[in-house]
Amino acid sequence: MKRLFTLALFVLGAVALTFAQGGNVLVIRNVTLIDGTGRAVANATVVIEGNTIKDAGAHAQAPAGARTIDGTGKFLIPGMIDAHIHLRGGRGQAPAADQERDGVRALQSYIYAGVTTVFDAGNRSEFIMGLRAKERSGAIVSPRIFATGGTVASPNGHGGPYNVEAWPGDRRLLDEHLATKPDLAKIGQDEHGWGTRPQIRQLPEDLLEKIIRYYHSKGVRIIIHVSNEHNAIEAIYAGADTLAHPIIQAPMSEEYVRMMSVKHVPTVSTLTIGENYSRVADHPEFLDQPLYRDTFEAAERQMLKTEESAKQKENRWAAWMKVMTPVAQDNMKRLNAVGKDIVAAGTDQSSGPALHRELELLVGSGISAADTIVIATRNAARALGKLDELGTIEAGKLADLVLLKADPTKDINNAKQVDTVIKNGQVIDRAKLDLPVNRRTNSQE
Ligand SMILES: [Zn+2]
């Protein structure tokens, strides 16, 4: 036993020595570092040891013998984060294996596009928690997955299956949810869903507060779906930590903006979901852009350009969202003006290209490209309560990084110019992802 222990110590010592000599160290040299805080540093060095950033900046020293990526002429940003998705595959009647394949392909479209973390804000629990387990064990190549699984709402409210009415009787529903180990709990609070739907029920304020307190007592953060200012204020004062959407039903009042200038409640932008209906109706040619061609199956792009485009031309909801998206955009711009840490990127969609559309819409609102990178990195990590581990390129953070071929603070479209994706200290082999770009033969190029 003692000998075994000595041997173990010897092996550990050898491993430590290898670390010290740079064996497990990855260095990115001579890069323009856009660290997620709003800072940019020229000629920077970033040192990654194992899955952690050890040092970053102009002063950082690369240990001898480390593996090195030359960042000359390139731009390094934190791995991007989509703080509101619903991963495809979880719904419908397809066999489990097909659902999982669809889910994994969607996950790989994120990582291909430089998105290294996603938060699933509502899905079939077994589906998303199953994929989360596979991501965490390394069984699948995927961005980091945080998930709520099922959501909480009033009976006949905006979400489920945890539909709470009686207290404390229905607390068992929350215990059922907690047993699935949600990273955050999502509450749906709305009297319309999100628009032209008939009225639905929402949680009374005192019950909302009791629910939030209960999750907090278990250490679980609350993200809440609200779409109007009244519900947002009620949710914030009931203790909600993050808003899953902007105020979309009207321009924000000055009082609301002043309240947010004090409270800085993270607000996920989700402009893409509303805008996407009319985009598919009016401009389906966007699906021919490289990022969509690379990651969407050809048959799906064809269906969206024809059948779905025709359907959305007739959809009143698409027309309504076309009117309201600029209102939501302006609301995001106004929040960002009173607190640079408030707006967080999220799409309410299920693909890597959607996050890039979100960044375009944020810039379209008048927010600078430089701020938009912060919104997609640091602020999204903050919205998820993960800022201690993720969201910026600073010593001690997990090593999720994206090397870009062009400067995203000059033009947000440059965030699509992905050179290298690093997740958890590992370089992702983008050529091995299960995506159309990697299935094309040369003759089809
Ligand atoms: Zn959603």
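Per-structure values
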quantity: Residue of Ala40, Ala83, Ala106 that the Gaussian network model of the chain assigns the largest fluctuation, springs spanning Cα pairs under 10 Å; calculated: Ala40
quantity: Residue-normalised accessible area of the range 291-330, expressed per residue, 1.4 Å probe, Å²; calculated: 58
quantity: Computed over the chain: relative contact order in percent, which uses C-alpha pairs under 8 Å that are six or more apart; calculated: 19
quantity: Anchor Lys340: lysines whose Cα lies under 16 Å away (excluding residues fewer than 8 positions away in-chain); calculated: Lys263
quantity: Two-decimal Rg/Rh across the range 245-302, once Rg and the Kirkwood Rh are taken from alpha-carbon atoms; calculated: 1.20
quantity: Cα-Cα over 25 Å, subset of Lys186/Lys218; Lys386/Lys423; Lys186/Lys410; Lys186/Lys432; calculated: Lys186/Lys410; Lys186/Lys432
quantity: Cα gyration tensor shape of the range 133-200, rounded if a/c is under 1.5, else prolate or oblate by comparing a/b with b/c; calculated: oblate
quantity: FRET efficiency for Arg201 and Met303, using Cβ-Cβ distance with R0 set to 56 Å, rounded to 0.05; calculated: 0.95
quantity: FRET efficiency, 1/(1 + (r/R0)^6) with R0 25 Å, evaluated for Gln289 and Ser253 via beta carbons; calculated: 0.10
quantity: Calculated FRET value between Ala337 and Ala406, using beta carbons and R₀ = 30 Å, to 0.05; calculated: 0.65
quantity: The chain: radius of gyration and largest Cα-Cα distance (Dmax), Å; calculated: 22.4, 77
quantity: Shape metrics for the range 248-372, restricted to C-alpha atoms - Rg then Dmax, Å; calculated: 15.7, 49
quantity: Cross-link reach list, lysines versus Lys305, counting only Cα pairs under 27 Å and skipping chain neighbours closer than eight places; calculated: Lys313, Lys322, Lys416
quantity: Simple spin-label estimate for Asp434 and Ala133 in nanometres, 7 Å along Cα-Cβ; calculated: 1.8
quantity: Average Cα contact separation per residue, the range 175-295, under 8 Å, 6 or more apart, as relative contact order %; calculated: 19
quantity: Peptides ranked, highest mean first, by Cβ atoms within 10 Å: ranges 155-166, 293-304, 69-80, 352-363; calculated: 352-363, 69-80, 155-166, 293-304
quantity: Mean Cβ neighbour count within 10 Å, used as a protection proxy, ranking 224-237, 89-102, 367-380 highest first; calculated: 367-380, 224-237, 89-102
quantity: Fraction of accessible area attributable to carbon and sulfur, the chain (%, probe 1.4 Å); calculated: 52
quantity: Hits among aspartates and glutamates - C-alpha to C-alpha of Lys311 under 13 Å, sequence gap 8 or more where chains match; calculated: Asp282
quantity: Stretch gain in nm, segment Gln93-Thr72, where the contour uses 0.36 nm per residue and the Cα spacing is subtracted; calculated: 2.6 nm
quantity: The chain: most fluctuating residue of Lys333, Lys423, Lys432 per GNM, C-alpha cutoff 10 Å; calculated: Lys432
quantity: CD proxy at 222 nm, helix term only [per DSSP H run n ≥ 4: -39500 (n - 2.57); per residue of the chain; nearest 500]; calculated: -11500 deg cm²/dmol
quantity: Extension gain, Asn315 back to Val327 (0.36 nm per residue minus Cα-Cα distance, nm); calculated: 2.4 nm
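The values are calculated or read from the model by the stated rules, or taken from the named source; none is laboratory data. All values reported here derive from a predicted model rather than from experimental measurement. All Cβ positions, even for glycine, are placed from backbone atoms using ideal geometry, and neighbour counts span all protein chains on display. Accessible surface areas use protein heavy atoms only, side chains included; no ligands, DNA or RNA. Shrake-Rupley method; radii C 1.70, N 1.55, O 1.52, S 1.80 Å.
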